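Report on the following structure.
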Amino acid sequence: MQERIKKIKLLALDVDGVLTDGLIIVDSEGREIKNFDVQDGYGIVRFKRAGFFTAIITARYSEPVTARAKDLQIDHLYQDAYPKLPAYEKLISDLKVRDEEVCFVGDDLPDLPILKRVGLAVAVANARPEVKATAHYITERAGGDGAVREVIELILKTQGLWEKILRGEI
């Protein structure tokens, strides 16, 4: 497992059920509202500052996702990406990274084609059983409740960068 983690250069994420708890709230005017975990966000910012690439690949389009990706300065955002594999293939081609250099975090069946290709396939604790069966790592935390931060810390610690984060160097 450590050898897989040491190769990671790109963290790609699903949204609903990974960056959020999976609930989609729609107000009386039809506006969508999503809850994002602030610790996940802080982890993403530090991860990027450590020199890694970040991406979101989601099957739905959502204005809150656009806003959150902009706020976190996510490198690549793919919405309305269903099936997800073409967006993933464009992403790794554009960044010139190999499958084994990618960590993807997912929770549901549309994530399976990507999870089967990447070097580090991660399922959140609340993922579907088929996703968990495919994963190299299953988080202790649920999506929307620190699962992404858990993965980021795992990568940073394994790659020897965590102490620099703690010292404020990154």
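A few notes on this one:
- Residue exposure proxy: 19, 154, ordered by other Cβ atoms within 10 angstrom of their Cβ from fewest to most, comes out as 154, 19.
- Our summary gives the chain a relative contact order of 29 percent, counting only alpha carbon pairs under 8 angstrom and 6 or more residues apart.
- Charge dipole (the chain, unit charges on Cβ, about Cα centre) - positive-most of 158, 106, 123: 158
- Among beta bridges from DSSP that stay inside segment 1-109, the antiparallel ones total about 15%.
- Surrounding net charge for residue 48, when Lys and Arg each add one and Asp and Glu each subtract one, Cβ distance under 15 Å: +2
- Restriction of the trypsin sites (Lys or Arg not before Pro) in segment 125-170 to DSSP coil positions whose beta-carbon has at most 11 other beta-carbons within 10 angstrom yields 167.
- A Gaussian network model of the chain, with springs between Cα atoms under 10 Å, assigns the largest mean-square fluctuation among 114, 24, 155 to 24.
- Violating pairs (Cα-Cα greater than 20 angstrom) within the set 90/116; 6/48; 9/96; 90/157: 90/157
- Sites listed here are GluC sites (Glu not before Pro) in segment 1-93 whose DSSP assignment is loop and whose Cβ has at most 12 other Cβ atoms within 10 Å: 29.
- For the chain, the mean residue ellipticity at 222 nm estimated from helices alone is -10500 deg cm²/dmol, where every DSSP H run of n ≥ 4 contributes -39500 (n - 2.57) and the total is divided by all residues, rounded to the nearest 500.
- In summary, segment 1-109 shows an alpha-carbon radius of gyration equal to 1.08 times the 2.2 N^0.38 Å reference for compact globular proteins.
- Shown here for segment 33-71: chymotrypsin sites (Phe, Trp or Tyr not before Pro) in loop regions (DSSP other than H, G, I, E, B) with at most 13 other Cβ atoms within 10 Å, namely 61.
- For segment 1-124, size of Cβ-based charge dipole, Lys and Arg +1, Asp and Glu -1, in debye: 680
Every number here is computed from the coordinates shown, using simple stated rules; none is lab data. Computed from a predicted structure; not experimentally measured. Ideal geometry is used to build each Cβ from the backbone, glycine not excepted, and the neighbour counts take in all protein chains shown.
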